[in-house]
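Data block below; observations after.
Derivation of every value follows stated rules applied to the coordinates shown; laboratory data play no part. What you see is a predicted model; the values in this text were computed from it and never measured. A quick note on method: Cβ atoms are made from the backbone with ideal geometry, for glycine too, and the neighbour counts reach across all protein chains shown.
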Amino acid sequence: MYLTPRATIHRLSPDRSLLINSLSGAVDIVDDELRAKLLELGLGRRPALSDQETKSLIGRSYLFPDWGRERAAFLEIYQACQQVAARRPLQFVVCPTYTCNLACSYCFQSDQLRSRRQAMTQAHVPLLFQAIERIAETQPDRKRQLVLFGGEPLLPATETVVETLLRRAGEKGYAVQLVTNGTHLARFVSLFHLYEGAVKGAQITLDGPQPVHDVRRRWRDGRGSFEDVVTGIEACFEHGIAVNLRVNLDSHNLPHLEAFAALLQERGWIGQPGFRCQLAPVTDHLGTSGYPFLMTETQLVEPVLDLWERRPELRRVLDFRLFRVLHHLTSVIEDQGRSATMPRFHYCEACRGDLYTFGPEGLVYVCTESIGDRGNAVGRYAPRFRLSRKKLTRWHGRSVVTLTECQECSIATFCGGGCAYAALKRYGTPMRAICDDAQSVVQAYLSRLRSRYRQDARMTAMG
Amino acid sequence: MVSLNETATLWSQRLRRATSGGLMGSVADVDNPGPDCCWLICDVCCWVVC
């Protein structure tokens, strides 16, 4: 029999261990006797397993007749994921400009990029929609979704072109999502109203209570943006536009999360149709920002779990699915698999072939983080449409199925192989894994789980 | 061996139901999202598909 390399075993107490399977999502507790047998299996030996043990281990996809069957099971899950993912809309991210009116303390886009005065013109719009149709022609059954992104897409200078984009999207029946800093939202909401039905929702960033947000997300002249953003959010509610609030999280605003949750409650946002609030760790995939408040996901494990133990009700208010590894672990281990978390074969949609980004200079990218990096564009839509199949294949061929480093990795489907753009910048090719701190997130979480398990055992013993 | 999650919720089982159309609601319909579609989120850039 062959033990999948996707299984890991972690001691929980002197006589109990946790078995985690990143091939099937199974999580089990085993005693010391079975632990010893599993360790032997891992070394290629053949310990004597009882019929019941063999049946359970096969049923939970830990054991296979041989390496080939294990690999086939892995590929079968991958293919099924691809099949389900193909039902999602194709996403076309449009940057009307790279310019941004804010100067956020942690922005991943370079100041040079955000200061570019280039904006899409009316002449770009028909070319952009022609390019979308060309790209999507091989997948006629998939819906198309337009995502307005930037820079900041909603600026007074982009109003005309945004209106044209909305009109064309409405004519074509494309849903539209916005990713905006929210500062000019109130001005644009009446425009969205004209194209009612096209704009499905807006992701708006609010980083905490006013004094915290205003230090982090300032206008270029130094003023805080809190009041403008709140006005925009409430204008969305008035017009029935779903709001996905994003909180970019690091050590600067982490201590203010409880106050922020109280603010959401006070303003009556929780419970608004379609409202959700997502925490997103501030990341620096390229390691070039020098931002002093960055926290790795590992560093965030302890304070976030502390907060949930103290205030469990906040877990429903502050969605943490963007903590990629931790979310997988907790949803499998603590929600008994009820949550809808699935294996991650791709780190992000840039490698899934579901997303194309259009810059105001006429270029097409697959990674939203790489916009403006001309050398990493995969083609252009203006003045003429052209895509480089060679460049596309490098991105779209990247998954934990193809990355060499992920072949035997026990947590590959929890992490997805890491950021492709970071790999490209670091190694000159996206076809390398970026492991970052995925393993240490697992360890930090397990260490926490272990102490909780011991505490529970003590409480039980005290009776 | 004590299982912390049911075998029916394992990825292979859930995906089998998904590919045979057994999921609840419209998996990727932005106009009519179903209860099983919440994992269809574009996670890096964080806008919500459904």
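Which value, to two decimals, describes the C-alpha radius of gyration of region A:2-68 once divided by 2.2 N^0.38 Å?
1.01
Cα atoms only: what Rg and Dmax, in Å, come out for region A:364-427?
13.8, 47
Cα gyration tensor of region A:215-261, axes a ≥ b ≥ c as square roots of the eigenvalues: rounded (a/c below 1.5), prolate (a/b > b/c) or oblate?
oblate
Quickly estimate the mean residue ellipticity at 222 nm for chain A, helices only: each DSSP H run with n ≥ 4 gives -39500 (n - 2.57), and the total goes over all residues, rounded to 500.
-12000 deg cm²/dmol
Cα convex hull of region A:333-463: how many Å³ per residue?
Normalising the Cα hull of region A:333-463 by residue number yields 129 Å³.
Please list, in chain and number order, the residues 5+ apart from A:Ala175 or on another chain whose amide H is under 5 Å from its amide H, with Hs placed from the backbone.
A:Arg144, A:Leu146
Suppose a student asked you for the relative contact order of chain A, using Cα pairs under 8 Å spaced at least 6 residues apart; what percent would you report?
15 percent
Could you work out the longest stretch of chain A that avoids the GluC sites (Glu not before Pro) located in DSSP loops with at most 12 other Cβ atoms within 10 Å?
No qualifying site falls inside A:1-136, the longest such stretch.
Could you give P(r) for region A:86-295, binned at 5 Å from zero, as whole percent values over all Cα-Cα pairs?
In whole percents, the pair-distance histogram is 1, 7, 14, 18, 19, 16, 13, 7, 3, 1.
Treat each spin label as a single point 7 Å out from the Cα along the C-beta direction, and report the A:Arg142 to A:Leu39 distance in nm.
About 4.7 nm, to one decimal.
Across region A:412-426, in residue order, what do the Karplus-derived ³J(HN,Hα) couplings come to in whole Hz, using 6.51 cos²θ - 1.76 cosθ + 1.60 with θ = phi - 60° and x for Gly and Pro?
Running phi through 6.51 cos²θ - 1.76 cosθ + 1.60 with θ = phi - 60° gives 4, 7, 8, 10, x, x, x, 5, 5, 5, 4, 5, 4, 6, 7 Hz.
If you wrap a convex hull around the alpha carbons of region A:182-292, what volume per residue comes out, as a whole number of Å³?
Values: hull volume 13.1 nm³, N = 111.
Measuring per residue, one finds 118 Å³ for the Cα hull of region A:182-292.
Given the Cα atoms of chain A, and with Rh set as the inverse mean 1/r over their pairs in the Kirkwood sense, what is Rg to Rh to two decimals? Don't skip to the end; give the middle numbers.
Values: Rg = 23.9 Å, Rh = 24.1 Å.
Reported Rg/Rh (Cα atoms, Kirkwood Rh): 0.99.
Quote to one decimal, in nm, the extra length available between A:Ala259 and A:Glu309 on full extension: 0.36 nm per residue of separation minus the C-alpha distance between them.
Between A:Ala259 and A:Glu309, full extension yields an extra 16.4 nm.
If I take all pairs of Cα atoms in region A:148-228, what percentage of them are more than 18 Å from each other?
The answer is 43 percent, as a whole percent.
Please work out the FRET efficiency for the pair A:Glu171 and A:Asp221, using the Cβ-Cβ distance as r and a Förster radius of 45 Å; give the result to the nearest 0.05.
That gives a FRET efficiency of 0.70.
With the cut-off at 27 Å, report for region A:1-151 the share of all Cα pairs above it, as a whole percent.
55 percent
From the P(r) of region A:280-394, can you give the percent of Cα pairs sitting at distances over 17 Å? It would help to have the intermediate numbers written out before the result.
On the way: 4408 of 6555 pairs.
When every Cα pair of region A:280-394 is considered, 67 percent fall beyond 17 Å.
Short version: ³J(HN,Hα) in whole Hz for each residue of region A:273-281, in order, from phi by Karplus 6.51 cos²θ - 1.76 cosθ + 1.60 (θ = phi - 60°), x for Gly and Pro, what are they?
For region A:273-281, the Karplus curve yields x, x, 6, 8, 10, 10, 8, 9, x Hz.
Using alpha carbon centroids, what distance separates region A:389-452 and region A:213-250, in Å?
32 Å
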